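Before any comments, here is the structure.
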Amino acid sequence: MSTLFDLQLDRSLRRKLILICLSVAVIVSIIYSVVAFRLSSEMGINTEISYLEKRSLFLLAEIEEEGDAAQLRIKELIRMMQHAEGDGPQPIYVEVLGHHDRWQLNTDIPGQTLDIIKNEIQQKQVAGKNSGFIKYQDEYFLWSAQNLDNNAILMVIVSNSINDSMSHIAKRLAITSAVVFWIAVWLALTLSSWIAKRVEDKNEALRRLASHDSLTGLPNRLYLVDLLQTQQKHAEKSVKGTLLTIDLDKFKEINDTLGHSAGDKLLVIFAQNLAQVLSPEQTLFRSSGDEFLIWAPDISAEGCEAFAAQIVESLQQPICMNELPIHLEASIGIALCPEHSSDIDTLLISADIAMHEAKKLRSKWALFNKSHANDEKGQQTLRYRSELSEALAEQQIKLFYQPKVNLTSGKIVAAEALARWQHPVDGMLPPLLFIPLIEQSGKVREFGRYVIRHAIKQLSIWKTQGIMVPVAVNLSPYNLLDPDIVSYTQELCEKADIPPNMLEIELTETATSLHLHTISASLNRFKEIGVSISIDDFGTGMSSLAYISNLNVDTIKIDRSFISDIETNSSNLSIVTSALNLAKAFNCTVVAEGVENLEQATLLNKLGCHYGQGYYYSAPVPADKFTALLKFTPTLPVS
């Protein structure tokens with residue numbers, strides 16, 4: 001397999017271009033020579049024939065005037081004509097048919113040859129011609145037959161000048177063809193050089209486009225892979241060095257808050273600042289988004305962590321954007337070559353694993369731990385992360401539905417859509433195995449839209465079946481930073497003819513530094529189009545009260561951790577009671593998650609909880625089974 005640097009101009013291209021141009025030049029020269037030779041020769045012959053016709057008419061006029069003495073006069077005139085030729089006397093044959101006599105004059109034309117020529121002339125006269133030429137034994141015989149009153153004359157001459165003219169024309173055309181040929185050669189060389197240069201420039205532009213990041217101008221991941229493969233190919237022993245993966249922490253928040261244009265400028269400034277820290281032997285690459293790579297062949301295992309600390313130190317200086325100081329933080333993963341791997345793909349994966357370990361531990365940097373990566377769980381996580389894009393593209397992520405039940409009547413009043421991964425090898429995967437990977441991989445926006453799209457599609461299917469049940473979908477605060485998420489949802493509802501109040505957004509409570517007013521703006525737009533808002537896992541986060549007081553939510557969902565032992569745990573009972581009172585104060589409905597038995601459902605109903613959700617009523621099930629549940633068991637047992 002050829003590498004990126006082998007993608008060069010085909011070295012035979014210029015040679016091919018030259019050969020094509022030369023072939024065209026030769027063909028043009030040949031055509032030019034043949035056509036010019038034929039035209040010139042025909043013109044010369046026609047001129048000779050015209051001259052012969054005039055002489056024969058002149059002689060015929062002399063015959064008419066001289067009468068019986070014409071023969072002597074004609075002989076004298078023919079001698080004069082022969083002596084007038086510069087190249088010596090021409091062989092001439094003259095045949096005259098008069099009133100009373102017939103005579104002929106032949107000078108140096110063999111009799112046998114003359115008979116053949118006269119036979120051909122007779123054939124041409126039958127065809128209506130009275131002059132022309134006949135080529136016989138490499139000689140040109142010009143003839144002219146003229147009639148005047150009762151006299152006729154046939155005049156045949158052997159033209160030496162035609163052969164001389166042909167030779168002269170051929171020489172001139174050879175010189176002209178040679179000049180044309182060499183001009184064509186020069187044009188071929190010039191044209192091939194110009195075309196080859198253009199192709200090489202285009203090829204170089206394509207190579208750069210494929211190997212460099214258009215925003216920062218840095219080489220990209222493909223360039224790094226090719227660089228290391230090329231070095232390993234030509235190295236006598238294993239290539240040594242340190243690979244660092246640098247991922248900016250919470251860059252998405254900055255990008256979505258300040259705008260993509262400001263985010264791009266920030267990345268450029270960050271790349272420039274980071275490049276100043278590196279030595280000439282070290283190379284900075286932009287991998288994707290807010291992820292950068294550094295290949296440091298001069299950094300050994302002993303110095304790699306000190307090098308990472310130096311990079312972290314360089315980030316302490318804030319970057320000013322829109323007159324606001326931005327403090328960037330990064331997580332760095334370190335992998336060593338060849339200690340961790342000599343294979344470039346494995347080395348990149350190792351650095352990526354170390355980077356995520358640094359994020360998890362909040363340790364700024366982490367050195368790849370080979371023993372951790374070799375365990376089954378690490379390999380599984382790595383595999384799932386690499387398969388996420390394919391899972392979304394092939395719609396392997398399925399929505400299961402769990403009913404929300406009125407605790408008084410047992411009626412199914414709504415459903416929550418919960419994501420499951422139908423893995424082609426490992427079967428059905430629960431959300432805990434892939435939702436964190438989605439958040440780490442930067443596919444939160446894509447996944448959020450995926451869930452909304454499929455939930456509305458299911459609502460449309462149920463509508464055609466006469467089923468109208470609201471569906472709740474889970475979004476994170478990051479999804480709400482998508483500037484088009486509300487218009488995207490509204491457009492899907494309009495196309496499917498689904499009222500927006502059939503959709504509910506469950507905002508998951510996550511540890512984030514996002515400003516509440518930023519989230520609130522999106523939520524308010526959702527509420528304006530009729531979408532309901534609820535807080536999921538209420539009571540587990542640090543910002544629960546801030547959410548409920550600032551986000552104008554419609555529903556709060558009490559986390560299952562408070563419901564699991566509510567019958568025996570007085571503390572959890574007090575928390576649930578307080579949450580119900582709080583919800584009442586804010587005019588919110590309450591859904592209790594994790595209802596597992598009749599005792600919990602009965603107690604919650606007595607406390608004034610409106611709705612319940614949990615395995616006591618139904619586990620999350622595929623859409624077809626939930627449809628059957630709605631049709632055949634629309635009311636679930638409450639006692």
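The values are calculated or read from the model by the stated rules, or taken from the named source; none is laboratory data. Every value quoted in this text rests on a predicted model; they were computed, and no experiment measured them. Please note: Cβ atoms are built from the backbone with ideal geometry, for glycine as well, and neighbour counts cover all protein chains shown. We work out accessible area using only protein heavy atoms, side chains counted, and drop any ligands, DNA or RNA first. Shrake-Rupley method; radii C 1.70, N 1.55, O 1.52, S 1.80 Å.
In this structure, is residue 539 modelled with pLDDT of 85 or more and assigned by TED's automatic domain parsing to the domain that holds residue 413?
No.
Would you please list the contacts, defined by Cβ atoms under 7 Å and residues six or more apart or on different chains, that run from a residue in segment 128-142 that is among the hydrophobic types (A, V, I, L, M, F, W, C) to a residue that is open to solvent by 80 Å² or more (accessible area, probe 1.4 Å) and in a strand (DSSP E or B)?
Cβ pairs passing all conditions: 141/133; 142/133.
What's the number of the only condition in (1) touching a residue at least 24 places away in the same chain (Cβ under 8 Å); (2) assigned to a loop (DSSP other than H, G, I, E, B) that residue 565 fails to meet?
It is condition (1) that residue 565 fails.
If I filter segment 390-408 for residues that are in a helix (DSSP H, G or I) and surrounded by 15 or more Cβ atoms within 10 Å (Cβ to Cβ), do I get at least one hit?
Yes: one or more hits.
What's the number of the only condition in (1) out of contact with any Pro (no Cβ under 7 Å at 6 or more places or on another chain); (2) modelled with pLDDT of 75 or more; (3) among the hydrophobic types (A, V, I, L, M, F, W, C) that residue 209 fails to meet?
(2)
The rows are residues; the columns are (1) in contact with a Pro (Cβ under 8 Å, 6 or more places away or on another chain); (2) open to solvent by 80 Å² or more (accessible area, probe 1.4 Å); (3) not β-branched (Val, Ile, Thr).
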{"residue": "277", "(1), (2), (3)": "no, no, no"}
{"residue": "282", "(1), (2), (3)": "yes, no, yes"}
{"residue": "287", "(1), (2), (3)": "no, no, yes"}
{"residue": "290", "(1), (2), (3)": "no, no, yes"}
{"residue": "301", "(1), (2), (3)": "no, no, yes"}
{"residue": "317", "(1), (2), (3)": "no, yes, yes"}
{"residue": "321", "(1), (2), (3)": "no, no, yes"}
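If the requirement is being free of Cβ contacts under 8 Å to residues at least 12 places away in the same chain and small (Gly, Ala, Ser), which of these qualifies: 263, 241, 289, 259?
Exactly one residue qualifies, and that residue is 259.
Could you please give the count of residues in segment 441-486 that are over 29 Å from the mean Cα position of the chain (by Cα) and hydroxyl-bearing (Ser, Thr, Tyr)?
4
Among the residues of segment 436-444, is there at least one that is touching a residue at least 24 places away in the same chain (Cβ under 8 Å), in contact with a Phe, Trp or Tyr (Cβ under 6 Å, 6 or more places away or on another chain) and assigned to a loop (DSSP other than H, G, I, E, B)?
no
In segment 256-270, which residue that is of a type outside the set (Val, Ile, Thr) and over 26 Å from the mean Cα position of the chain (by Cα) is surrounded by the fewest Cβ atoms within 10 Å (Cβ to Cβ)?
259
Check whether at least one residue in segment 587-595 is open to solvent by 20 Å² or more (accessible area, probe 1.4 Å), of a type outside the set (Val, Ile, Thr) and at negative phi, and report yes or no.
There is no residue in segment 587-595 that is open to solvent by 20 Å² or more (accessible area, probe 1.4 Å), of a type outside the set (Val, Ile, Thr) and at negative phi.
Rundown of residues vs (1) open to solvent by less than 60 Å² (accessible area, probe 1.4 Å); (2) hydroxyl-bearing (Ser, Thr, Tyr), yes/no style:
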| position | (1), (2) |
| --- | --- |
| 183 | no, no |
| 188 | yes, no |
| 193 | yes, yes |
| 220 | yes, no |
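Within segment 109-157, take every residue that is at positive phi and surrounded by fewer than 17 Cβ atoms within 10 Å (Cβ to Cβ) and give me the one that is modelled with the lowest pLDDT.
Filtering segment 109-157 for residues that are at positive phi and surrounded by fewer than 17 Cβ atoms within 10 Å (Cβ to Cβ), the one modelled with the lowest pLDDT comes out as 149.
Residues that are among the acidic types (Asp, Glu): which strands (runs of 3 or more DSSP E) entirely in segment 298-352 hold 1 or more of them?
Output list is empty.
Counting only residues that are closer than 16 Å to residue 635 by Cα and open to solvent by 60 Å² or more (accessible area, probe 1.4 Å), how many does segment 601-615 have?
Selection size over segment 601-615: 3.
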